[in-house]
1. Name the single residue that is farthest from A:Pro42 (Cα to Cα) among those in segment B:271-283 being surrounded by 19 or more Cβ atoms within 10 Å (Cβ to Cβ) and within 12 Å of another protein chain (Cβ to nearest Cβ).
2. Which of the residues belonging to segment B:286-299 are at the interface with another protein chain (Cβ under 8 Å from one of its Cβ atoms) and over 24 Å from A:Arg66 (Cα atoms)?
3. Restricting to segment A:188-239, count the residues that are within 14 Å of the chain's Cα centre (by Cα) and of a type in the set (D, E, K, R).
4. Take A:Ala253 and decide whether it is more than 14 Å from chain B (Cβ to nearest Cβ), in contact with a Gly (Cβ under 8 Å, 6 or more places away or on another chain), under 30 Å from A:Thr20 (Cβ atoms) and in a loop (DSSP other than H, G, I, E, B).
5. Failed condition for A:Trp109, given (1) aromatic (Phe, Trp, Tyr); (2) more than 14 Å from every other protein chain (Cβ to nearest Cβ); (3) within 28 Å of A:Arg127 (Cα to Cα), with all others met?
6. Which residue out of B:Ala302, B:Ala323, B:Ala317 is under 17 Å from B:Met49 (Cβ atoms), away from chain A (no Cβ under 13 Å) and surrounded by fewer than 17 Cβ atoms within 10 Å (Cβ to Cβ)?
7. Give me the residue from segment A:40-57 that is surrounded by fewer than 20 Cβ atoms within 10 Å (Cβ to Cβ) and within 25 Å of A:Gly204 (Cα to Cα) and, out of that set, nearest to the other protein chains (Cβ to nearest Cβ).
8. Restricting to segment A:65-84, what's the tally of residues that are at negative phi and either buried (at least 24 other Cβ atoms within 10 Å of the Cβ) or within 14 Å of chain B (Cβ to nearest Cβ) (or both)?
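The values are calculated or read from the model by the stated rules, or taken from the named source; none is laboratory data. Nothing here was measured: the structure is a model prediction, and the numbers come from that model. We place every Cβ from the backbone using ideal geometry, glycine too, and count neighbours over all the protein chains shown.
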2 protein chains.
Amino acid sequence: MGYPQTSPEVPRIDAAPEATHPTWQEIAEAHARIAPRIHRTPVLTSQMMDRLSGARLFFKCENLQRSGSFKIRGATNAIFSLSDEDVRQGIVTQSSGNHGAAVACAAAWRGAKAWIVMPKNAPNVKREAVEAYGGIVALCEPTMSARKETAAKIQAETGAALVHPYDDDRIIAGQATAAKELLEDIPDLDAILAPVSGGGLLSGTCLSARNMRPNIMLFGCEPAKANDAYLSMQTGELQPLDSSDTIADGLRAPLAPRTFAILRRELSGVLLVSEEEIVAAMRLLWERMKIVVEPSSSIVMAPLLRKGGLDSLQLPARADGIAPKIGVILSGGNVDLSALPFGKG
Amino acid sequence: MGYPQTSPEVPRIDAAPEATHPTWQEIAEAHARIAPRIHRTPVLTSQMMDRLSGARLFFKCENLQRSGSFKIRGATNAIFSLSDEDVRQGIVTQSSGNHGAAVACAAAWRGAKAWIVMPKNAPNVKREAVEAYGGIVALCEPTMSARKETAAKIQAETGAALVHPYDDDRIIAGQATAAKELLEDIPDLDAILAPVSGGGLLSGTCLSARNMRPNIMLFGCEPAKANDAYLSMQTGELQPLDSSDTIADGLRAPLAPRTFAILRRELSGVLLVSEEEIVAAMRLLWERMKIVVEPSSSIVMAPLLRKGGLDSLQLPARADGIAPKIGVILSGGNVDLSALPFGKG
C-alpha cells in the first residue's frame, strides 16, 4: 500500500467531531428496523481455508441473504425509513445488479412500486431477478450519465422517491449491519476484509467495526481493473472511474464523496486483485466451501491465498499468541449458471 | 405409495422390544463424541422455496459439513469408537464417494492409516478428495463383489479395521445426529425428507426423529433409476440393486438388512424422482439458495416442486392452521465443477 495505514489509536466514531455519516445509534436503529425482514446470515468456517491462508477465517455469508446479497440490508432500511406519503408514488433507483433486485424486493414488502433503471447491456439474469420481485425495469444506454438522467426523468414524471445505491446515509447504515452481526458473533476479530465498489458496504463495515472493536484493521478488496478506491486512497483525492469490464460485475461503480470520507479516515488499506485471482478464488470457494459466491464476493479471499498474503496485511500479533482471526464478508451469490468461468478438466 | 403409511401412534423407539438398532442413548453419545470435530451445520430457509412448495421448509445444510457431506458424522463416530489397539493397523472401507473421503478425514484426525477401496471408474474428483485427506486409494473392478473382495483382502493383509459405509450401528448412530440437530433447532417439524441409498442417513434420521417427535412423518427420496428402497418397502422384502447410472452418484447402493428393518417400521413413504427432476432441483438450489449441492442432495427438493407435491405427502393439518413445516436434509455438496449438467442459456 502506498499510503499510511490507520493508526490503532483512532477514536471511536461517535467521538469524531467532523462526523458526516450514520452514527452508531442510527446503525443500531437500522438493525432493529430490518432484522424482522432479513436473514441473520450464518458465519461459516473452513479448516481448508484456514490452512491455505494461515489465518483463522470467519465468512459472513451475505450470499445467503435475501435477494442474494447484502444489498437488501440498505434497501430495506432506506425504504422502511420513508413515510407512507413518501412511498405512495413508488421508489426509483438505478443499478445494473444486486441493488436493483434488493430495492424491488424491499419495495414489494412495503407495498410500493419500484422502477429500476438498468443499462441495456445488463445480464438477463439480473433483469429477471428484478422482475421476479415485481420491479419495473427501465432500460437505458449503458453509460453512467444515461442512467442518472433516466432515473431523474422517472422521478420527475412519477414523483417516486430516489434511493441511491450507496451515496445515502440510510443505505450505509443498513450495510453496516452485516459487520455488526459478524462482530456480535465473533467479537475478537483482528481484521475484516470486504469488497469495495461504491463503498456502501465497506464504509458501513468501517463504521460498525471501528465502534465495536476500535483497534481492528479494515481492508477493502478491489479489482485491479476498477482501481479508483485504491487510487483515491493513495492520492487522498476522490478519483473517477469511467467504466470497467472486470468480471466482478458488482464492483464497477466509483466511490462517492460520502463513502470516500469514511474510508479515508478508517481504512487500513485497499488490496488490488487480478481477474485470474478472482476466478480462482471463486472456484475454490464453490468447490471447498460449497457456497455459490459471485466474483464480486470471491475477491475478498484472493489476497489471503497469495504467498505471503497474510503477512502483507501486517496485523499486530495477538496477545494469546494464536493465528490472526479475520472476518471475510462474502457479499453476494447472484451468478448466471449458464455462463460460468470454469474451464473443463 | 403402494404400502401403508406409518401410523402416528407408533411407540418411541427405545420402547420397541425388537430393537436391533442404535438406541437413543447411543445416538446421544455419538453426538457428544463427534460434536467437537464436526460443524453444527446451519438450517437455512428461503421464501422462494416456501412459495414454490407451499410448505415452510428448513434446509439442514450437510453440504456445508466437513468433508463436504454428512458422511463425516458416521465415520467420525465409528473411528473414534474404536480403541487405540483397534486402529493401530489402520482402517479400511469401500466407497466410490463421500464415505471414502469422510473415513480418510476422520482416520487422519485419529492418526490412523486409511485404505479406501474405490472402483476404477470413480470420478477423479472423488479420488482426489480421498488423497487430499491422506487416504490410500486402492482401485478395483467396478462391481460390488470386487469392492467387497478387495476390502476383505486388505483387511486380511494389514489387520485394518473395516468400517462399512452404512451396515453398521455406529455409522447409523452418527448419521442420526443430523436430524437430531435439525429437530433441536426446529422442534415442531411435521415431516422430514432425506435421500435414501444404503439407508444409513435415512434410518438414522428415522431413529432421531421418531424419538424426538413421535408423530412426525418421514420420507425417503430415491432416484427412479435406483429404486430398490421403493420396491423393498412396497413388497416388504429387501430387493437387490445390481447397478445404476443415476446422476445421483451417491445413491447407487442398495439397502442393507439392518437399515431396511428400521425403514420398514418407521418410514412414511419413498418418493421416486426422475433424473430431469434431480437436475432441475439442483439448478434451482444453486441459483436461488446460493449453495452447492450434489444431485444426491437436490433430490429431496424435487418432490416438493411438483404440482400437488405437498398434498401427495398427506401431512395432517397443523393445530395452529399454518402451512406444514418440513425439514429437508441436504446431504452433500461434492460435485465436479468442470462437468456440470447445466445447459447454456
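1. First, the residues of segment B:271-283 that are surrounded by 19 or more Cβ atoms within 10 Å (Cβ to Cβ): B:271-273, B:277-279, B:281-282.
Checking the rest, the ones that are also within 12 Å of another protein chain (Cβ to nearest Cβ) come to B:279, B:282.
Values: B:Val279: 26, B:Met282: 21 Å.
The selected residue is B:Val279.
2. none
3. 1
4. yes
5. (2)
6. Only one candidate passes the filter, namely B:Ala323.
7. Here the answer is A:Pro42.
8. Let us first name the residues in segment A:65-84 that are at negative phi, namely A:65-66, A:69-84.
Next, only the ones that are either buried (at least 24 other Cβ atoms within 10 Å of the Cβ) or within 14 Å of chain B (Cβ to nearest Cβ) (or both) stay: A:65-66, A:69-79.
The total comes to 13.
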